[in-house]
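**Student:** Can you read through this structure? Questions will come right after.
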Amino acid sequence: MSEALKPTLHPAAVSAKVMAITSGKGGVGKTFVAANLAAALTRRGQRVLVLDADLGLANLDVVLNLHPKVTLHDVFTGKATVDQAIVKAPGGFSVLLAGSGMVEYSRLTPEVRDEFVRVLKGLLPRFDVVLLDTGAGISDVVLFAISLAGEVLIVATPEPTSLTDAYAAIKVLSMQQKRRHVRMIINQTVRPGDGRAITGQLQQVLDRFVSTDTGRPVRLIHLGDIPADPSVRDAVMRRQLLSLNNPNSPAALAIAQLANKIDETVLTPNGS
Ligand SMILES: Nc1ncnc2c1ncn2[C@@H]1O[C@H](COP(=O)(O)OP(=O)(O)OP(=O)(O)O)[C@@H](O)[C@H]1O
Ligand SMILES: [Mg+2]
C-alpha cells in the first residue's frame, strides 16, 4: 500500500457520531445490524443516516426494499446533489446508497477519498448518528471507511472462523489506526452470556499478542449479543425490517437493547 493511501484517522471527518459497522468475516450480519439498529435509534428520537460504505455491495437496498433512482455515484460524478440521493427507509431513517457504479472506486484515489470526506462532512450537522455499513475484512476501502468513524462496532459470530477474522481486523485497527477501543456485537449467539465470554477470550489473545506504541492493548467493549433467531432470515427474505415488523422477536429485542446502550454510552453519555 502506498504511503498516500495508508488509512489514518481523518481528523476533519472523525466524530463520535460516525460509527463504522464492520467485521472480519463476511456474511455475519453487518447490514442486518446496521438497518435494524438505525430503526431502533430512530425510535429513540435520533436522526439517523445509514451510508453504504461498501460502495454498492452492502445490499442495504435489498434488505430495505429500496429502489433509488439517484445514488452516491451520481453525486460523485456531479449529476446530482447529495440531498437528491438520500432516501427515507421504512424505519424512518435516512439512507445513502452507493449505487452499482461505485464499485469502480474500489481503487481509492486521493480524489475519491476527498470527495467521500466532503460528502460526509456536509451531512454531519443534519444527523445525530451516521452508521457506515462497511465491507468485511481489511481491504483499503474498508479501512478507509473505518478511518472516518469515531467509533467502530465489530460484528462477529461465535464461529471460530469469524473470531479469527475479527481478531485480525482488530489487530490492524489497533496498529494502523491506533484505535484504543472497539465495540463488540456478537451476533447469532446460542446461549445468554456467550458474547461476553467470547469478547473476554478475544481480549486475552489481543493482550498477549498485540503490542501497541503506547504499550496499552486495544480494549474491547462488549456492547451486546443478538441471538440466532429464525425471524431474521424471514424478515430478510420478505425484505422487511425485523425491528418494524416483528419488534418482539428475540433478535429485534436484542437490537433495541443495543440501541439503548449506544444512546446512553456513546451518543448522549451525560444524559444531555
Ligand atoms: N441473529 C441472526 N439470526 C439468524 N440469522 C441471522 C442473524 N443475523 C444475520 N443472519 C443471517 O445472515 C445473513 C447475512 O446477514 P448480512 O447480509 O447482514 O451480513 P453482512 O455481514 O452484511 O454480509 P456482507 O459481508 O456480505 O456484507 C442474513 O441474511 C440472515 O439470513
Ligand atoms: Mg452487508
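**Student:** Limited to segment 237-272, what total is found for residues that are touching a residue at least 24 places away in the same chain (Cβ under 8 Å) and surrounded by fewer than 18 Cβ atoms within 10 Å (Cβ to Cβ)?
**Tutor:** 5
**Student:** Another question about this same structure. Which of the residues belonging to segment 237-254 are within 19 Å of Ile186 (Cβ to Cβ) and outside any loop (DSSP other than H, G, I, E, B)?
**Tutor:** Across segment 237-254, the qualifying residues are Leu242, Ser243, Pro250, Ala251, Ala252, Leu253, Ala254.
**Student:** Can I ask one more? Pairs needed: first member in segment 31-48, in a strand (DSSP E or B); second member anywhere, modelled with pLDDT of 95 or more; C-beta distance under 6 Å; at least 6 residues apart or different chains.
**Tutor:** Val48/Ala38; Val48/Leu41; Val48/Thr42; Val48/Phe93; Val48/Val129
**Student:** Continuing with this model, one more query. Of all residues being assigned to a loop (DSSP other than H, G, I, E, B) and within 6 Å of ligand 1 (Cβ to nearest atom) in segment 21-30, which is surrounded by the fewest Cβ atoms within 10 Å (Cβ to Cβ)? Just the residue, please.
**Tutor:** Gly27
**Student:** Next up: If only one of Val95, Val63, Val75 is outside any helix (DSSP H, G or I) and either surrounded by 15 or more Cβ atoms within 10 Å (Cβ to Cβ) or in contact with a strand residue (DSSP E or B) (Cβ under 7 Å, 6 or more places away or on another chain) (or both), which one is it?
**Tutor:** Only one candidate passes the filter, namely Val95.
**Student:** Against the definition (more than 15 Å from ligand 1 (Cβ to nearest atom), closer than 17 Å to Leu148 by Cβ and of a type in the set (A, V, I, L, M)), how does Val50 come out, yes or no?
**Tutor:** Against the criterion (more than 15 Å from ligand 1 (Cβ to nearest atom), closer than 17 Å to Leu148 by Cβ and of a type in the set (A, V, I, L, M)), Val50 does not qualify.
**Student:** Then there is this: Only one residue in Thr164, Thr214, Thr189 is in contact with an Asp or Glu (Cβ under 7 Å, 6 or more places away or on another chain) and away from ligand 2 (no atom under 16 Å from the Cβ). Which one?
**Tutor:** Thr189
**Student:** Could you please tell me which pairs satisfy a Cβ distance under 9 Å, a separation of 6+ or placement on different chains, a first residue in segment 81-93 that is on the phi > 0 side of the Ramachandran plot, and a second residue that is surrounded by 14 or more Cβ atoms within 10 Å (Cβ to Cβ) and not hydrophobic (A, V, I, L, M, F, W, C)?
**Tutor:** Filtered contacts from segment 81-93: Gly92/Thr42; Gly92/Arg43.
**Student:** In segment 124-144, which residue that is assigned to a helix (DSSP H, G or I) and surrounded by fewer than 18 Cβ atoms within 10 Å (Cβ to Cβ) is farthest from ligand 1 (Cβ to nearest atom)?
**Tutor:** Pro125
The values are calculated or read from the model by the stated rules, or taken from the named source; none is laboratory data. These figures come from a predicted structure and were not determined experimentally. Positions of Cβ are generated from backbone atoms using ideal geometry, with glycine treated the same way; all protein chains shown enter the neighbour counts.
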